[in-house]
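Before any comments, here is the structure.
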Amino acid sequence: MELNKFIKETIVEIFTGIKQSQEEVKEIGGEINPITSVQNGVLVSYPKGIDLSETIISVDKIEFEILLTESDKAGSNTGIGVMLAGIGIGGQSKSDKENIIANKIKFSIPVSFSRQD
């Protein structure tokens, strides 16, 4: 799988999972990612109905640690792919000889998750 596609699909899946969870948890009286603040060292949630139009939205990070591999197999094309937990994503072919070069990258992307209304 190409790196850009992996990052995009991962982020979309995280946001989709949060949104779907918010809807289901709301039905049973809970909240996911409520608007919060710290008061006297304690993280508290604001009650519904308070005007928070001037509230600063918190920013979280999605952290990635990805192993990128480049393989050169006899009789096949060279390509770069994302490795997850030792499992390659993408096409594979059988070959007697294979050279693999691996590079690990680590980065984070700032995000702001939607607040539950």
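The values are calculated or read from the model by the stated rules, or taken from the named source; none is laboratory data. What you see is a predicted model, and the numbers here were worked out from it, not measured in a lab. Here the Cβ is made from the backbone with ideal geometry for all residues, glycine too, and neighbour counts use every protein chain on show.
Summary of values
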{"item": "Candidate set: the stretch 3-36, residues that are among the polar types (S, T, N, Q) and surrounded by 12 or more Cβ atoms within 10 Å (Cβ to Cβ); chosen: the one nearest to GLU65 (Cα to Cα)", "result": "THR10"}
{"item": "Hits in the stretch 68-111 - residues which are at pLDDT 85 or above and within 16 Å of ILE7 (Cα to Cα)", "result": "LYS104, ILE105, LYS106, PHE107, SER108, ILE109, PRO110, VAL111"}
{"item": "Pick from the stretch 37-53, criterion in a loop (DSSP other than H, G, I, E, B) and modelled with pLDDT under 75, ranking: surrounded by the fewest Cβ atoms within 10 Å (Cβ to Cβ)", "result": "SER53"}
